[in-house]
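Undergrad: Pasting a structure here, questions to come.
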Amino acid sequence: MQYDVTVIGSGPGGYVAAIRCAQLGLKTAIIEKYDTLGGTCLNVGCIPSKALLDSSEHFHNAEHTFKEHGIDIAKPKVNIKQMIARKTDVVKQNTEGINYLMSKNKIDVHHGLGSFVDKNTIKVTGQEEKTISTDKVIIATGSKPSTLPFIKLDKKRVITSTEALELKEVPKHLVIIGGGVIGLELGSVYARLGAKVSVVEFLDNIIPTMDSTLGKELQKSLKKLGFDIYLSHKVTAVEAKGKEVTVTADTPKGDKLELKGDYCLVSIGRRPYTDGLGLENAGVKVTERGQIETDEHLKTNVDNIWAIGDVVKGAMLAHKAEEEGVFVAEQMMGQKPHINYNLIPGVVYTWPEVAGVGFTEEQLKEQKRAYKTGKFPFKALGRARASMDVDGLVKVLADKETDEILGVHIIGARAADMIASAVTAMEFRASAEDVSRMSHAHPTYMEAVKEACLAATENRPLHI
Ligand code: FAD
Ligand code: NAI
């Protein structure tokens, strides 16, 4: 079998790269070691976690907000088996969608572990062994959960996100190590379903890579949901015995904290995945952190091999991987694509949702850049009051001299969708005044962005 380009890995990076290569006229193959396409994102990541977030949110609302809306129902009960079954069905619909896209674009799919024999030859070890000859290669092998050396992930009581998406019962007490995106999203799922949730975070804020206002505000909402959050705590031991897991941590004062739960979710980040890929046979270099080393064109040190997504540097996000897939395909064909990494938004699908793009206030301080801040609270919005989603705020950071928007940080209902407007404005290098003079439909959550821009420009919001 001879191809112009072969993509290894079918996550959002790999399958999008394959589609773009095929659209550009290249004879394309994709190799995936699992039976289903779609990678982490579709099978055990973005899609199943959002399916459970949506189901648990319905349950939470039925239990807590329906009454105030004037809807009287009998006390709702969780049917975890059905909830997980619906999630599995959502995943199936999505992964089957990728099969359709591969066949529509005439991309050959090979199931099995892809491993370099040399830089133009890949062995696929699956139900049958095949050898593929290829002119170019795109590595998109993604990532796997990280752990700590002293933690034994038994995947029954001490689990990763993958098992947390498949639980057969609602935990009584879920202890989560790591207050990042996975911990807070999956913690929210089970807290809404009635679990006690404790989060042990090493740093002094949750979601620490985002603007610090967001983590501080989110903590307030999660505490209302019943989360116990232990910041600046260093986990020193995790021990599972029967149905009990004990997590021990050093407190900031130097004391010991001991938490006993029935499940412990380890969510302290993910590591690039290259096991079994035979990179040494092609001469591809990796960094000290295990990422495949690439230049600014995402090309590796080997001239016919590129790498994208979670396996290279940068944010481990599906939409970042997708942009890189398109970028590499277009590069190969001599086009001049561009990715503005500063404008790749980050979103946390808790309630309220959290989203940010551009520079954080901490980064601007570090750069010693002169900036202005405009904030607007959701509770001052008619739309937010109508739906009772009044937690949160929008924070706009703009250059002090030019008024150019440098960062937009939102916590509140629908933040995940609203952030796209901030990306658009910033891609066109809008000033805060530009946005504040554009008509925003009333009543919408987006009015909070307009108001925060008014606050940033001339400190003259209209509704506070
Ligand atoms: P992956 O999606 O990891 O795909 C890599 C694929 O390569 C896998 O299918 C793997 O089996 C295959 N592979 C590896 N080695 C080989 C080999 N040698 N031969 C053949 N196949 C191989 N991101 C978001 O943007 N939004 C979200 O809401 C979000 N939610 C998430 C929730 C969870 C619980 C998790 C774990 C992650 C989430 N992410 C989210 C992150 C997102 O899933 C990743 O950033 C994204 O999947 C990375 O895409 P990728 O194509 O680089 O790799
Ligand atoms: P993360 O990097 O988001 O968070 C890890 C957290 O663990 C950080 O707060 C970190 O300070 C903390 N931590 C690290 N070591 C620790 C230790 N020893 N003890 C206690 N805390 C420790 O990683 P997470 O949540 O595992 O997610 C992995 C990746 O998946 C992320 O990069 C994220 O981008 C992606 N993802 C994206 C989602 C989204 O876009 N909505 C949803 C879920 C995952």
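Undergrad: In the structure shown, do any of 144/243; 77/223; 152/223; 87/168 have a Cα-Cα gap over 21 Å, and if so which?
TA: 144/243; 77/223; 152/223
Undergrad: If you don't mind, there's one more thing I want to ask. At 0.36 nm per residue, minus the direct Cα-Cα distance, what do residue 241 and residue 223 gain on full extension? Give it in nm, one decimal, please.
TA: 3.6 nm
Undergrad: I've got another one for you. Provide the per residue accessible area, probe 1.4 Å, for segment 110-165, rounded to a whole number of square angstrom.
TA: 46
Undergrad: Where does each of 248, 6, 209, 131 land when they are ordered by accessible area, with a 1.4 Å probe and the largest first?
TA: So the residues, ranked largest to smallest area, are 209, 131, 248, 6.
Undergrad: Sticking with this one: Solvent-accessible area per residue for segment 352-458 at a 1.4 Å probe radius, Å²?
TA: Normalised by residue count, the accessible surface of segment 352-458 is 44 Å².
Undergrad: Next up: Roll a 1.4 angstrom probe over the protein heavy atoms and tell me the percent of accessible area of the chain that is carbon or sulfur.
TA: That fraction is 51 percent.
Undergrad: Additional query: Pop a pseudo-label 7 angstrom from the Cα along the beta-carbon direction at both residue 424 and residue 251 and give the gap in nm to one decimal.
TA: Placing both labels 7 Å along Cα→Cβ, they lie 5.0 nm apart.
Undergrad: Could you tell me which of rounded, prolate or oblate describes segment 158-268, using a ≥ b ≥ c as the square roots of the eigenvalues of the alpha-carbon gyration tensor, with rounded for a/c under 1.5 and, failing that, prolate when a/b is larger than b/c and oblate otherwise?
TA: oblate
Undergrad: Now a separate question. Would you please give the FRET efficiency between residue 275 and residue 303, computed as 1/(1 + (r/R0)^6) with r the Cβ-Cβ distance and R0 = 30 Å, to the nearest 0.05? Don't skip to the end; give the middle numbers.
TA: Values: r = 24 Å, r/R0 = 0.82.
Using R0 = 30 Å, I get an efficiency of 0.75.
Undergrad: Taking the Cα centroid of segment 1-49 and of segment 97-176, what is the distance between the two, rounded to the nearest whole Å?
TA: Result: 11 Å between the Cα centres.
Undergrad: Where Lys and Arg each count +1 and Asp and Glu each count -1, what net charge lies around residue 59 among other residues with Cβ under 13 Å from its Cβ?
TA: Summing Lys/Arg as +1 and Asp/Glu as -1 gives +1.
Undergrad: Now, a different point. Just want to confirm a number: the relative contact order over segment 352-458, from Cα pairs under 8 angstrom separated by 6+ residues, in percent. The partial results should precede the final answer.
TA: Details: 226 pairs, mean separation 36.8, N = 107.
Relative contact order, segment 352-458: 34 percent.
Undergrad: Which longest run of the chain has no exposed loop site in it, a site being chymotrypsin sites (Phe, Trp or Tyr not before Pro) in a DSSP loop with at most 13 other beta carbons within 10 Å, and the site itself not part of the run?
TA: With a cap of 13 other Cβ atoms within 10 Å, the longest stretch comes to 151-427.
Undergrad: Within 10 Å, Cβ to Cβ, of residue 226, how many net charges do the neighbouring residues add up to if Lys/Arg are +1 and Asp/Glu are -1? Write down the numbers at each step before the final one.
TA: Numbers: positive: 192, 196, 223, 224; negative: 228.
Local charge sum for residue 226: +3.
Undergrad: Now, a different point. In Å and on Cα atoms, what radius of gyration and Dmax does segment 352-458 show?
TA: Calculated on Cα positions, Rg and Dmax stand at 12.8, 41 Å.
Undergrad: Restricting attention to segment 211-271, which trypsin sites (Lys or Arg not before Pro) occupy a DSSP loop and are surrounded by at most 15 other Cβ atoms within 10 Å? The partial results should precede the final answer.
TA: Details: sites: 216, 220, 223, 224, 234, 241, 243, 253, 256, 260, 270; in loops: 243, 253.
For trypsin sites (Lys or Arg not before Pro) across segment 211-271 that sit outside H, G, I, E and B with at most 15 neighbouring Cβ atoms in 10 Å, the list reads 243, 253.
Undergrad: While we're looking at this one, here's another question. Multiply the residue separation of residue 86 and residue 128 by 0.36 nm, subtract the distance between their alpha-carbon atoms, and state the gained length in nm to one decimal. Intermediate values should be presented prior to the final figure.
TA: Working: separation 42, 0.36 × 42 = 15.12 nm, distance 3.29 nm.
11.8 nm is the gain from fully extending residue 86 to residue 128.
Undergrad: Two decimals is fine: what is log10 I(q)/I(0) at q = 0.13 Å⁻¹ for the chain, from a Debye sum with one equal scatterer on every Cα and no solvent?
TA: -1.29
Undergrad: Please identify which residues in segment 222-266 have an amide N closer than 15 Å to a label point set 7 Å out from the Cα of residue 68, following the Cα→Cβ vector.
TA: Residues 222, 224-226 fall inside that zone.
Undergrad: While we're on this one: 5 Å is the cut-off here: which amide hydrogens, built 1.01 Å from N in the peptide plane, fall below it relative to residue 117, excluding neighbours closer than 5 in sequence?
TA: 122, 123
Undergrad: With a Förster radius of 30 Å, plug the Cβ-Cβ distance of residue 156 and residue 289 into 1/(1 + (r/R0)^6) and report the FRET value to the nearest 0.05. All intermediate terms of the calculation are to be shown ahead of the outcome.
TA: On the way: r = 29 Å, r/R0 = 0.98.
The pair residue 156/residue 289 has a calculated efficiency of 0.55.
Undergrad: When only the heavy atoms of the protein chains count and the probe is 1.4 Å, how do 262, 135, 72 rank by accessible area, highest first?
TA: Final ranking, largest accessible area leading: 72, 135, 262.
Undergrad: Based on the Cα gyration tensor of segment 3-145, what are the three equivalent ellipsoid semi-axes, each the root of five times an eigenvalue, rounded to whole Å and given largest first?
TA: Equivalent ellipsoid semi-axes, largest first: 41, 14, 11 Å.
Undergrad: Across 10 Å bins from 0, what is the distribution of all Cα-Cα pair distances for segment 259-369, in whole percents?
TA: P(r) for segment 259-369, in whole percents per bin: 11, 32, 32, 19, 5, 1.
Undergrad: Could you let me know the centre-to-centre spacing of segment 247-284 and segment 314-344, using Cα atoms, in angstrom?
TA: Going from one Cα centre to the other spans 28 Å.
Undergrad: On a 30 Å Cα-Cα criterion, which of the cross-link pairs 320/379; 50/224; 220/365; 50/395; 119/313; 50/172 come out too long? Don't skip to the answer; put the middle values down first.
TA: Values: 320/379 32 Å; 50/224 21 Å; 220/365 25 Å; 50/395 25 Å; 119/313 22 Å; 50/172 22 Å.
From the list (320/379; 50/224; 220/365; 50/395; 119/313; 50/172), the Cα-Cα distance tops 30 Å for 320/379.
Undergrad: With r as the distance between the Cβ atoms of residue 104 and residue 442 and R0 = 51 Å, compute the FRET efficiency 1/(1 + (r/R0)^6) and round to 0.05.
TA: After rounding to 0.05, the efficiency reads 0.80.
Undergrad: Further question: Given the rule -39500 (n - 2.57) for each run of at least 4 DSSP H residues, summed and divided by the residues of the chain, what is its mean residue ellipticity at 222 nm, to the nearest 500 deg cm²/dmol?
TA: Rounded to the nearest 500, the figure is -10000 deg cm²/dmol.
Undergrad: Any idea how far apart residue 202 and residue 258 come out in nm if each label point goes 7 Å out from Cα toward Cβ?
TA: Modelled inter-label distance: 2.5 nm.
Undergrad: How high is the relative contact order of the chain, given as a whole-number percent (alpha carbon pairs under 8 Å, six or more residues apart)?
TA: 14
Undergrad: Test of the criteria: in segment 74-182, which trypsin sites (Lys or Arg not before Pro) are in a DSSP loop and have at most 16 other Cβ atoms within 10 angstrom of their Cβ?
TA: 77, 106, 152, 155, 156, 168, 172
The values are calculated or read from the model by the stated rules, or taken from the named source; none is laboratory data. Given the structure is predicted, the values throughout are model-derived calculations rather than measurements. Every residue, glycine among them, receives a Cβ derived from its backbone with ideal geometry; neighbour counts consider all protein chains shown. Keep in mind that these areas ignore ligands, DNA and RNA; they rest on the heavy atoms of the full protein, side chains included. Shrake-Rupley method; radii C 1.70, N 1.55, O 1.52, S 1.80 Å.
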